[in-house]
Amino acid sequence: MSLFYNSAQPTNIKSIYNQYDVVDFLVKMPTGRQMKANSMKLSGFLKVQKLLSDGTTANLAQTDSVFLNQWAGAHSLFKNTSTSINERVVENLQHYGRYVAMKTQAEATAETIITSSEHNLELKGCLNNWLVLGGANSAKGVPFSIKPKICINASSTDLPQSKFQQIKIMWNLSSAQEALYISSGLPSVLPNPYITGLTFSLQDLEIHWYESPEQKIEHTVLNTTFMTTQTIVSLNNNIQITSPTAFDSCSISFLRQAMLNNLYYDSLCCEYVPDINRVEFLINGESSPLSYAILPPVYQDTALNYWKSLGGTEKNALCNRLLSENGCFGIGCEFKTMIDTKLQFSLTIDDATAYNPSNAGNAIDSYVYVNGFLQV
């Protein structure tokens, strides 16, 4: 079968895109073609700089210890994404970078992301502080190529032009403090000048995909992701979710509110919640996707169900206790496909915990991702 290579630049094309910018792509295939499933990639150049206390902007030095989240890599530069097909919005995913981090943790280990060419292209891995220094191109920065984890790249079939005449993908870029962080921590004695902030720019953004001659396809199922946030402020919590589409799993990661927009903390960290002593899943307040409440020892069973909810592989970071307690934690559940139902997570934390969410500075944001399906 013949394969054709196609690409598109943003419709709002600019020489440089900065934090908070919007980037729009429009995909229109020639008549008689179809996009190969899971073939779309987004590429460009990333340049990171530091803002100094004397009001100047400078290139990074290796001693600055500036990192992207090792599990999300260049995906963390994109905060929100929206996908439309023939002017109909089919997916609107917020906190996209965090979702990619969760999926990567379910599908890889710390060792595999640092030795994989695919992950390296996405600037993942615990050594990406070397990559964000700029690479060989001092003007544009380091090149990257990511495979977006959006519904267009998660279809059951190829996408024929006769049914997908127009595909729009919109990205909202993250702020630098959401996408990047300094791992060395705030020094006790500030140098002169010292870093007051970070900034990044993207250049030469393009999307690429493969096409083949169109064949008759009766229907296509898109694997969509719906996201919502809720805040945990007590020892007994009920997290309720209603999905706009049919869904079969739900995955939740956590971050203390006090760590948001902290220059010296990874905003995409999937924080460990200590002293959980009960987790329960309910459908419409009654039946359970799990036939039991998870009781002590909680964390082993919680990790296994969270891994299943993300479609994890045998080699993963979620079922490793050390990694789970250090940025790879979450709760979740996989169940039979359902629609028009309310899913409830009941989470109970021990009364004797030293990390009571009701105390000042201990409130926890929960990021809830629902895996759904949409037929086109």
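The values are calculated or read from the model by the stated rules, or taken from the named source; none is laboratory data. All values derive from a computational prediction rather than experimental measurement. Because the Cβ atoms are built from the backbone with ideal geometry, glycine has one as well, and the counts that use them run over all protein chains shown.
What to note about this one:
- For K124: the one exception among (1) assigned to a loop (DSSP other than H, G, I, E, B); (2) of a type in the set (K, R); (3) over 20 Å from G44 (Cα atoms): (3)
- Any pair with Cβ under 7 angstrom, 6 or more apart, that starts in region 224-251 at a residue that is among the hydroxyl-bearing types (S, T, Y) and ends at one that is exposed (fewer than 14 other Cβ atoms within 10 Å of the Cβ): S234/S358; T242/K342
- Tally, over region 172-191, of residues that are in a strand (DSSP E or B) and touching a Lys or Arg at 6+ places or on another chain (Cβ under 8 Å): 2
- Flag for W71 being of a type in the set (F, W, Y), in a loop (DSSP other than H, G, I, E, B) and farther than 22 Å from T245 by Cβ: yes
- Looking across L205, L198, one residue alone is farther than 21 Å from L260 by Cα, modelled with pLDDT of 95 or more and either assigned to a strand (DSSP E or B) or not small (G, A, S) (or both). It is L205.
- Residue ranges of strands (runs of 3 or more DSSP E) in region 260-376 with at least 1 members over 26 Å from the mean Cα position of the chain (by Cα) and farther than 30 Å from I152 by Cβ: 276-283, 342-349
- Members of region 45-68 found to be in a strand (DSSP E or B) and under 18 Å from S174 (Cβ atoms), listed by number: F45, L46, K47, V48, Q49, K50, L51, V66, F67, L68
- For A58, the conditions (1) surrounded by 13 or more Cβ atoms within 10 Å (Cβ to Cβ); (2) touching a residue at least 40 places away in the same chain (Cβ under 8 Å) are fulfilled apart from (2).
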